[in-house]
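The values are calculated or read from the model by the stated rules, or taken from the named source; none is laboratory data. In this text the structure is predicted, and so the values were computed from the model without any measurement. Backbone-built Cβ (ideal geometry, glycine too); neighbour counts: all protein chains shown. The accessibility values were calculated without ligands, DNA or RNA, using every heavy atom of the protein model including side chains. Shrake-Rupley method; radii C 1.70, N 1.55, O 1.52, S 1.80 Å.
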Amino acid sequence: STWGHFSQASIARAHRLRSRMAFSVARLFGARVAGSSARTVVARFSTGGISVTDPPKKDEFDYDLAVLGSGPAAQKCAINAAKKGKRVCVIDASANIGGVCVHTGTIPSKTFREAVLHMTGYRNQTFYGRSSGLNRQFTTADILRHVSAVVQRERDIVAEQLDRNNIKVISGHGSFEGPHTLSVTSTNPGDKEESKLITADKVLIATGTRPARPGHIPFHERQVFDSDEVLRPDWVIPRTLIVVGAGVIGIEYASMMNIIPGSRVYIIDQRPSSILPFADTEVVESLCHLMRQEGARFLMGEVIKSVVCNSRHGRDTVSVVLESGKEIHADALLYAVGRQANTDKLQLAKIGVTPDKRGLIAVNENFQTVAPHVYAAGDCIGFPALASCSMEQGRLVAEHMFGGNTCNRLEFFPYGIYTIPEISMVGKNERELTAEGIPYEVGTARYSELAKGQMLGGAFGFLKLLFCPKTLEVLGCHAIGEGAIEIIHIGQTVMALGGTLDYFIDTVFNYPALAEAYRVAALNGLGKVIRGGAKIIYHPDRMRRTLQPGATIVPPEPFAGAEPSK
């Protein structure tokens with residue numbers, strides 16, 4: 001009866017004011033009902049049977065985008081969204097800006113590799129012998145100085161880029177409290193474990209992965225460790241090292257340790273076939289041969305029965321017993337089998353997302369989870385789990401979030417494996433082409449045939465081009481040796497543009513340069529096709545084509561203005 005004294009407009013204004021006050025109170029005290037956002041609580045203050053259970057309107061969110069993690073995918077998504085004028089925050093522990101890539105993964109391991117190559121003088125041994133390295137025995141401290149300087153610089157660059165784009169960095173561990181609500185618990189030393197709530201219209205999960213640590217492996221700080229602990233400040237270079245797992249991470253560290261004078265490496269893997277099964281067989285066999293020449297021993301098809309840390313002859317050792325009965329003793333063991341996604345503490349159940357047993361999140365072609373406003377990218381979604389691809393995934397996510405653009409499928413992306421010597425590839429390998437029934441021919445260029453290869457001391461290496469013998473379309477590029485990871489991008493570009501061997505044959509490359517290997521390999525492959533009896537015709541667009549013997553050849557029309565003999 002009291003409301004009857006007021007006009008309908010006054011009643012409407014009162015309702016709006018009360019609703020806004022109720023929402024503010026709910027947000028202030030963090031009131032929630034069964035994990036719902038603060039907007040749900042407003043329903044308690046509503047009248048007239050009005051149901052207010054939808055999420056806040058876009059202008060009522062704290063941020064347009066909240067990013068969980070600060071690795072490559074997180075950085076590129078956050079920066080791209082900020083450049084579109086969106087309000088963006090990045091949630092991560094303050095000490096971990098840059099993610100696993102900067103602190104324990106890509107940057108430290110590749111810097112470790114460069115430090116080892118420099119200090120051992122490995123690149124110059126052909127000319128100057130094994131004494132071309134440092135005149136003294138180097139220690140872990142020498143390597144860590146190099147690694148720490150690069151890591152700190154990379155961390156500063158990431159922090160500066162986020163700051164320059166007005167991206168708010170929130171220190172702490174984030175988890176879901178509702179569809180659009182995140183709880184952030186501080187991780188700064190000395191701070192109380194207090195949580196605060198933030199809301200966001202869109203959310204990206206880019207929390208990366210961590211090494212798997214199975215219960216039957218007795219991890220020990222200095223003797224049995226994972227890849228995140230290799231570069232601990234108190235770590236000592238072992239004289240003998242057992243590497244369990246012949247995947248990318250394991251074989252990279254094994255090859256690095258293998259060239260350190262006085263060190264010996266054992267590689268154990270339960271797969272009976274060759275290491276790196278996704279790589280070209282010839283490339284992998286060459287890598288294994290070179291590592292064996294430096295003293296490495298491969299134990300394939302072996303399963304670990306027990307690992308024991310003990311003391312032998314007055315020093316700490318690790319003893320590994322295999323199910324085949326073999327026993328191996330070493331100073332340390334690096335366990336590098338598998339990785340686990342950092343999603344177990346995100347409370348994904350509150351948004352209806354269920355990760356698999358490795359914590360990986362399923363996404364659609366646009367990197368959306370089952371909750372359409374929540375995206376996931378980077379290593380936490382699985383394959384290909386490359387820093388380079390994660391960057392592009394993050395950029396594509398921002399384009400879809402705020403531009404509505406459908407994400408382009410990542411094709412022709414290169415792999416870079418930082419072994420010694422390094423390996424890189426793009427496209428299909430011989431096994432894949434054979435399994436798919438695709439005919440192909442191979443063109444090869446050896447570094448020993450190149451002037452640049454001789455300048456590098458006759459360093460081992462080669463480039464393989466796989467191509468269609470009928471159209472000369474490039475199907476795959478595979479390289480091993482110094483600079484392989486750099487020169488692979490030439491093949492990647494030609495493949496992405498649908499090019500053929502003609503590009504490599506008709507293009508002028510710097511001389512001397514490793515890139516010249518593309519022309520040598522193309523001419524080598526073309527020669528095989530011609531010797532096989534195929535004929536080459538020149539079309540007006542100057543693209544070569546080959547035909548099988550007996551096929552009808554249509555004479556091409558001459559170029560405009562050209563002499564008939566041309």
Check: Ordered by packing density, taken as the mean number of other Cβ atoms within 10 Å over each peptide's residues, highest first, how do 359-367, 84-92, 503-511 rank?
Finding: 84-92, 359-367, 503-511
Checklist line | Cα-projected label distance for residue 93 with residue 345, points at 7 Å along beta-carbon direction, nm | finding: 0.7
Notebook entry, point to check: Leaving out ligands, DNA and RNA, what percent of the accessible area of segment 179-336 is carbon and sulfur, probe 1.4 Å?
Noted result: 49
Checklist line | Shape call, segment 323-446: gyration tensor on alpha carbons, a/c limit 1.5 | finding: oblate
Next item on the list: Set the Förster radius R0 to 35 Å, insert the Cβ-Cβ distance between residue 125 and residue 221 as r into 1/(1 + (r/R0)^6), and round the FRET efficiency to 0.05.
Entry: 0.55
Checklist line | Ranking by accessible area, most exposed first, for 467, 383 with a 1.4 Å probe | finding: 383, 467
Next item on the list: Evaluate the distance, in nm, between pseudo-label points positioned 7 Å from the Cα of residue 431 and of residue 371 along their respective Cα→Cβ axes.
Entry: 3.9
Notebook entry, point to check: Per residue, how many Å² of accessible area does segment 143-280 show with a 1.4 Å probe?
Noted result: 44
Next item on the list: Grab the other residues whose beta carbon is less than 12 angstrom from that of residue 431, score K and R as +1, D and E as -1, and report the net.
Entry: -4
Checklist line | Stretch gain in nm, segment residue 408-residue 470, where the contour uses 0.36 nm per residue and the Cα spacing is subtracted | finding: 19.4 nm
Next item on the list: Return the loop-located GluC sites (Glu not before Pro) in segment 194-244 (DSSP other than H, G, I, E, B) with at most 10 other Cβ atoms within 10 Å of their own Cβ; answer none if there are none.
Entry: 194, 221
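Are there any GluC sites (Glu not before Pro) in segment 277-340 that are in a DSSP loop and have at most 12 other Cβ atoms within 10 Å? List them by number.
Loop-located and lightly packed - 323.
Rounded to the nearest 0.05, what FRET efficiency do residue 297 and residue 530 give with R0 = 56 Å and r taken as the Cβ-Cβ distance? Could you check?
Given R0 = 56 Å and the Cβ-Cβ separation, E is 0.80.
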Check: Which FRET efficiency value, to the nearest 0.05, do you get for residue 285 and residue 153 by plugging their Cβ-Cβ distance into 1/(1 + (r/R0)^6) with R0 = 35 Å?
Finding: 0.40
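What is the local net charge at residue 340, summed over the other residues whose Cβ is closer than 13 Å to its Cβ (Lys, Arg +1; Asp, Glu -1)?
That works out to +1.
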Item checked: Per-peptide average of other Cβ atoms within 10 Å, ordering 516-526, 429-439 highest first -> 516-526, 429-439
Note to self: If I compute solvent accessible area with a 1.4 Å probe over the protein chains, what percent of it on segment 443-538 is carbon and sulfur?
What the structure shows: 56
Next item on the list: Give the shape of segment 216-265 as rounded, prolate or oblate, defined through the alpha-carbon gyration tensor: a ≥ b ≥ c are the square roots of its eigenvalues, a/c under 1.5 means rounded, and otherwise the shape is prolate if a/b is larger than b/c and oblate if not.
Entry: oblate
Next item on the list: Considering only DSSP beta bridges where both residues belong to segment 303-400, give the percentage that are antiparallel (nearest 5).
Entry: 100
Next item on the list: Compute the label zone of residue 448 within segment 459-494: residues whose backbone N is under 13 Å from the point 7 Å along Cα-to-Cβ.
Entry: 459-462
Next item on the list: Using the heavy atoms of the protein chains and a 1.4 angstrom probe, tell me the accessible area per residue for segment 348-491 in square angstrom.
Entry: 42
Check: Remind me, relative contact order of segment 206-269 in percent, using alpha carbon pairs under 8 angstrom and six or more residues apart?
Finding: 27
